[in-house]
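The values are calculated or read from the model by the stated rules, or taken from the named source; none is laboratory data. These figures come from a predicted structure and were not determined experimentally. Using ideal geometry, Cβ is built from the backbone for each residue, glycine included, and neighbour counts are taken over all protein chains shown.
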Amino acid sequence: MLPLKCLLAGLLVIVAACQAQPKADLIIYGGTIHTGNPDNPRVDMVVVKDGKIAFAGPKAELENWQAPNTRLLNLAGKTMTSGLIESHGHFLSMGYARMQVDLNDTRNYEEMIERVVEAAQTIPPGEWILGRGWHQSKWSPQPEKMVGGFQTHDKLSAAVPDHPVFLRHASGHAAIANARAMEIAGVTRQSQFGAGGEIIKDGAGNPTGIFNEEAMTVIRDHIPKRTATSNRRALELASDYALENGITSFHDAGEQQDGLDLFREAAASGDLGPRLYVMLDGSQPALLQHWFESGPLLDFADNYLTVRAIKLYADGALGSRGAWLLEPYSDMPGHTGLALQPMDSVLAICERALDHGFQVCTHAIGDRANREVLNQYQSAMAEKSAKGADVRFRVEHAQHLSAEDIPRFAQLGIIPSMQGIHMSSDRPWAIDRLGIKRIEEGAYVWQKLLQSGARVINGTDVPVEPINPVACFYALVTRKTLAGTPEGGYEPAQKMTREQALRSYTRDAAYGAFQEDQKGTIEPGKLADFTVFSQDLLTIPEESLLDTRIEYTIIGGKIKYERGK
């Protein structure tokens, strides 16, 4: 028989062990849980403590973690993944778009005009009507009168004569204004715009109402500026919209100082929806100088806000024929698009960014733009990379590439930040812009990039496209339009596998923001950010993918959205 002293010592060890076992704030179980961790791909249960993952493993451990005040979430057969990361969107613009006329699903010019007329009936004459989302290449039938590939303002102006109207193209790189808006802005036959944009005119020299790229500022400078009040409302709407769609983190592709101040205030007060990773608007030298002097803002307010990147623009969009191409557009001979920023300026900003600890993320859609940006990145990174610096510069969109440039992303460590849904929306008409050879060689070539060793990250470019990640996932794995065409998908060899598509929205997306140690997989020690789906995206039949709904959005172990509540 053991001495009493030994028995007491053993009892104390047991008690101490029990006290050392922390108790959970939240335990999630009862469904399919994909961790994204190749060493432990599926688990039965996830335990959350103090906003982080404490355990991911068998449900047999539940009693060891449960306390009287532990919340239990039974998934009831649903599927959970690491929280989805929107790798390229425009956060406040997403909120503002929900305050304006939504034109994303307009099927023709007449339908667009009808929506503007409806809006005009709800506000006093003279007030601005703003909208976004029209795309003339998706309309059927096409307008009777077209100039330079766009409709003219005449019908819009006749229908809405008493309100100034400014409607941005789905891409955000062009807009149409009515006669009243042009009158306010002083636009006449004599009006011209310099490099970086165009006021499109008809054969007689009359403005058509279409303002391409930087020429949009001619009208935009006369629209009432956003205010602190409107910014706060936009933030509320954007937060709700992101959470409803399962987004736990959001890479904001270019923001001004007033937006940054608002984000910091909202993060500190707990009023942000998803976590934000913010890129500075690289078109503002004073803004960049301020942040170069202060340095990046990292993981502010319990990892809700990070500012450590810069957004630049190399070219425009394919839909407005502003994408910068190596060879002319197939449907506009002699035209190769627009360079929106001098390449020596891109190089200079890259060099300063590297000196001050900032990542650079450059919008590049056309093959010429992508090549030029890769060249500038390579020059800027040469010294830093040689010293072992982890640079992770990004190309935003990387939509149309030449064959020679595809392997350069992996070779240089450049991250292609792409949007699967753009292929679904654009591919039916993109072939008219580029022709079959360029489409097959380098358009939306996700698999070619992956096979070369690049990490492809994903998103929607909201509000250019709806933020819906399920629709984007469908486009990634089927290469079809959301109507399910064509059979077999466009250029099917470039489809992502379902595992690749999910990784582009989680683990690799986290890597694209230097946050792979905090999020992107379900592992102990990482943030307790999860997205719960009504179905298992990795296993359900293709025809059922678009029926999938977001059931829960969980951030830091707190349920921020629950469907039906």
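Could you look through the stretch 281-309, keep only residues that are of a type in the set (Asp, Glu) and over 17 Å from Gly254 (Cβ atoms), and pick out the one that is nearest to the chain's Cα centre (by Cα)?
At the first step, the residues of the stretch 281-309 found to be of a type in the set (Asp, Glu) are 281, 293, 299, 302.
Next, from what is left, pick out any that are over 17 Å from Gly254 (Cβ atoms): 293, 299, 302.
On the way: Glu293: 28, Asp299: 20, Asp302: 22 Å.
Step by step, filter the stretch 281-309, then rank; the result is Asp299.
State which residue is nearest to the chain's Cα centre (by Cα) when the search covers only the stretch 222-239 and only residues that are part of a loop (DSSP other than H, G, I, E, B) and among the charged types (D, E, K, R). Break it down into steps so the answer makes sense when it comes.
Taking the stretch 222-239 as the starting set, the residues that turn out to be part of a loop (DSSP other than H, G, I, E, B) are 222-227.
Of the ones still in play, those that are also among the charged types (D, E, K, R) are 225-226.
On the way: Lys225: 24, Arg226: 22 Å.
The qualifying residue nearest to the chain's Cα centre (by Cα) is Arg226.
From (1) farther than 29 Å from Met146 by Cβ; (2) at pLDDT below 95; (3) aliphatic (A, V, I, L, M); (4) exposed (fewer than 15 other Cβ atoms within 10 Å of the Cβ), pick out the condition that doesn't hold for Val391.
Going through (1) farther than 29 Å from Met146 by Cβ; (2) at pLDDT below 95; (3) aliphatic (A, V, I, L, M); (4) exposed (fewer than 15 other Cβ atoms within 10 Å of the Cβ) one by one, Val391 breaks only (4).
Mind checking whether some residue in the stretch 492-511 is part of a loop (DSSP other than H, G, I, E, B), surrounded by fewer than 18 Cβ atoms within 10 Å (Cβ to Cβ) and in contact (Cβ under 8 Å) with a residue 24 or more places away in the chain?
So in the stretch 492-511, the residues part of a loop (DSSP other than H, G, I, E, B) come out as 495-497, 506.
In the following step, the residues that additionally are surrounded by fewer than 18 Cβ atoms within 10 Å (Cβ to Cβ) were identified as 497.
Still in the running and in contact (Cβ under 8 Å) with a residue 24 or more places away in the chain: none.
Scanning the stretch 492-511, I find no residue that is part of a loop (DSSP other than H, G, I, E, B), surrounded by fewer than 18 Cβ atoms within 10 Å (Cβ to Cβ) and in contact (Cβ under 8 Å) with a residue 24 or more places away in the chain, so the answer is no.
Residues in the stretch 459-468: is at least one over 24 Å from Ser93 (Cβ atoms), surrounded by fewer than 24 Cβ atoms within 10 Å (Cβ to Cβ) and at pLDDT 95 or above? Break it down into steps so the answer makes sense when it comes.
First, pick out the residues of the stretch 459-468 that are over 24 Å from Ser93 (Cβ atoms): none.
Taking every residue of the stretch 459-468 in turn, none turns out to be over 24 Å from Ser93 (Cβ atoms), surrounded by fewer than 24 Cβ atoms within 10 Å (Cβ to Cβ) and at pLDDT 95 or above.
Do we find a residue being assigned to a helix (DSSP H, G or I), more than 21 Å from the chain's Cα centre (by Cα), at pLDDT below 95 and not hydroxyl-bearing (Ser, Thr, Tyr) anywhere in the stretch 395-413?
Step one: list which residues in the stretch 395-413 are assigned to a helix (DSSP H, G or I), which gives 408-412.
Remaining after also requiring more than 21 Å from the chain's Cα centre (by Cα): 408, 410-412.
So of that shortlist, the ones also at pLDDT below 95 come out as none.
No, because not a single residue in the stretch 395-413 is assigned to a helix (DSSP H, G or I), more than 21 Å from the chain's Cα centre (by Cα), at pLDDT below 95 and not hydroxyl-bearing (Ser, Thr, Tyr).
Is it fair to say Tyr505 is in contact with a Pro (Cβ under 8 Å, 6 or more places away or on another chain) and either at pLDDT 95 or above or not acidic (Asp, Glu) (or both)? Outline the logic, then answer.
Details: in contact with a Pro (Cβ under 8 Å, 6 or more places away or on another chain): yes; either at pLDDT 95 or above or not acidic (Asp, Glu) (or both): yes.
For Tyr505, the condition - in contact with a Pro (Cβ under 8 Å, 6 or more places away or on another chain) and either at pLDDT 95 or above or not acidic (Asp, Glu) (or both) - is met.
Against the definition (without any contact (Cβ under 8 Å) to a residue 40 or more places away in the chain and part of a helix (DSSP H, G or I)), how does Ala242 come out, yes or no?
Values: without any contact (Cβ under 8 Å) to a residue 40 or more places away in the chain: no; part of a helix (DSSP H, G or I): yes.
So Ala242 does not fit the description; no.
So Glu61 clears everything in (1) among the charged types (D, E, K, R); (2) surrounded by fewer than 17 Cβ atoms within 10 Å (Cβ to Cβ); (3) in a strand (DSSP E or B) except one condition, right? Which one?
(3)
Which pairs do you get when a residue that is over 15 Å from Val187 (Cα atoms), found in the stretch 146-165, comes within reach of a residue that is charged (D, E, K, R) and buried (at least 19 other Cβ atoms within 10 Å of the Cβ), reach meaning Cβ atoms under 9 angstrom, with the pair 6+ apart or on two chains?
Listed pairs, sorted by first residue: Gly148/Glu198; Gly148/Arg321; Gly149/Arg321; Val160/Arg180; Pro161/Arg180; Asp162/Arg180; His163/Arg180.
Out of Ile219, Ile200, which single residue is in contact with a strand residue (DSSP E or B) (Cβ under 8 Å, 6 or more places away or on another chain) and assigned to a strand (DSSP E or B)? Spell out how you get there, then give the answer.
Working: Ile219 fails: assigned to a strand (DSSP E or B).
The match here is Ile200.
Being in contact (Cβ under 8 Å) with a residue 40 or more places away in the chain and polar (S, T, N, Q) is the filter; apply it to the stretch 284-320 and report the residue that is nearest to Gly520 (Cα to Cα).
Here the residue is Asn303.
Using the structure shown, decide if Thr81 is β-branched (Val, Ile, Thr) and part of a loop (DSSP other than H, G, I, E, B). Walk me through it before giving the result.
Details: β-branched (Val, Ile, Thr): yes; part of a loop (DSSP other than H, G, I, E, B): no.
Here the answer is no, as Thr81 does not meet what is asked.
Yes or no: Met94 farther than 30 Å from Thr539 by Cα, among the hydrophobic types (A, V, I, L, M, F, W, C) and surrounded by fewer than 18 Cβ atoms within 10 Å (Cβ to Cβ)?
Numbers: farther than 30 Å from Thr539 by Cα: yes; among the hydrophobic types (A, V, I, L, M, F, W, C): yes; surrounded by fewer than 18 Cβ atoms within 10 Å (Cβ to Cβ): no.
Criteria not met by Met94.
Which one of the conditions (1) under 19 Å from Glu499 (Cα atoms); (2) free of Cβ contacts under 8 Å to residues at least 40 places away in the same chain does Ile421 fail to meet, given that it meets all the rest?
Here Ile421 clears every test but (2).
Across the stretch 84-141, what is the total count of residues that are in a helix (DSSP H, G or I), modelled with pLDDT of 90 or more and of a type in the set (Lys, Arg)?
Selection size over the stretch 84-141: 1.
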